[in-house]
Amino acid sequence: MIGYQLLERAPLRARNTFGVEATAALLADVRSPAALAELLDYPLVRQSEVLILGEGSNLLFAGDFDGVVIAPATTGIQIIEEDADRVRVRAEAGERWDDLVRWSVGRGLHGLENLALIPGSVGAAPIQNIGAYGADISQSLAFVEAFDRDQHVHRTLAAADCVLGYRDSLFKREAQRWVVTAVAFDLRRSADLRLDYAGVREEIAAMGVESPRPLHAAEAISRIRARKLPLPSLLGNAGSFFKNPSVPSAQSEALADRFAELPSFADGDGKQKLSAAWMIEHCGWRGFREGDAGVAAQHALVLVNHGHASGAQILSVARRVADSVEQTFGVALEPEPRIIGARW
């Protein structure tokens, strides 16, 4: 078995959650990590820009991609080590993230429940250091298996070597070097649930649950997310489009004098993190629509495709949103998704 399938001039609309039209010069669906060495050694691939594409839930195609798209298609979840409390779980990069969450909470394991219903693949999770509802994967990550294009070898990187930060990682900073092939997590049979994020305890109570387990926390968070955020299957989007900006405490205090309701919270090193959603909504963008490109009515942080918007049109709206926030608050917003085919 060759381990991969190639397609020239491949359409990508069905492979990105914004649902925008785009074409890749070459697409490789990789069914076996062992095939990566051969595939990446082809002169055409070595000379081209490479894009690793999971479910396309954290990028925006602002144009066609003239390089090689590699789509990990391996699936599988297994327990590789366990003791009385810790369970080390390894998942292939092509697994859907929410399927891994459901697999873990269905077995009563703690660690991933707050990350329920996040779209995307397992392989993309450490790249973006995905997080929600007071948790991110840095709290449970054990190691990442990846192909190192610089050294042309498969490597296993411990969590500490992945340089995880806020929506950031070694893999994101060196996108042309790494192809994530599998991810392992250290989960627990018993641990305190993280339920202090706004609305989670109330949702569990509304479910009639008095002694919540990971399964209940995941279900409560899924219900909240479904109400607050449009599902990509119904309305094209990539989740939160902007990062919450971090600013010096002095700047945060000055803004608080002008905008008393602007949420902020400590971000270490004398900085405060501000709510991008609040600032965008304050500028009047929630529910904005121009053609089929717009901002979600449910949440100001989510840009959407109502049907036939191009990536360039969505990017134009994003830039206008960021410009208005900077003019009003003096704060620069940065996009969370990767933008393909244009510069921010």
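Other residues whose C-beta falls under 12 angstrom from the C-beta of Pro335 contribute a net charge of +3, scoring Lys and Arg +1 and Asp and Glu -1.
About its Cα centre, the range 236-340 has a charge dipole of approximately 220 debye under the convention of +1 per Lys or Arg Cβ and -1 per Asp or Glu Cβ, with nothing else charged. Please give the FRET efficiency for Asp99 paired with Glu253, using the beta carbon to beta carbon distance and R0 = 45 Å, rounded to the nearest 0.05. For Asp99 and Glu253, the calculated efficiency is 0.55. Here the spin labels are modelled as points 7 Å beyond Cα on the Cα-Cβ line, and at Leu44 and Leu6 they lie 0.4 nm apart. Free of any GluC sites (Glu not before Pro) that DSSP assigns to a loop and that have at most 12 other C-beta atoms within 10 Å, the longest stretch within the chain is 1-209.
Fewest-first ordering of Trp178, Trp278, Trp285, Trp344 by other beta carbons within 10 Å of each residue's beta carbon gives Trp344, Trp278, Trp285, Trp178.
Annotation: for a label point projected 7 angstrom from Cα along Cα→Cβ of Ile80, residues of the range 120-141 with backbone N closer than 13 Å are 141. Charge dipole (Cα centre; +1 on Lys/Arg Cβ, -1 on Asp/Glu Cβ; no other charges) of the chain amounts to roughly 420 debye.
The chymotrypsin sites (Phe, Trp or Tyr not before Pro) of the range 60-150 include none that meets both conditions, a loop assignment by DSSP and at most 10 other Cβ atoms within 10 Å of the site Cβ. Once the Cα-Cα distance is subtracted from the 0.36 nm per residue extended length, the Ala37 to Thr156 segment shows a gain of 41.3 nm.
A crude spin-label estimate for the pair Ala297 and Tyr197, with each label 7 Å from Cα along the Cβ direction, gives 2.5 nm. Treating r as the C-beta distance of Ala175 and Ser211 and R0 as 45 Å, the FRET efficiency rounds to 0.55.
Computed from the coordinates by the stated procedures, all read-outs in this text should not be read as laboratory data. Keep in mind it's a predicted model, so treat the numbers as computed, not measured. Cβ sites come from the backbone with ideal geometry, for glycine too, and all protein chains shown count toward neighbours.
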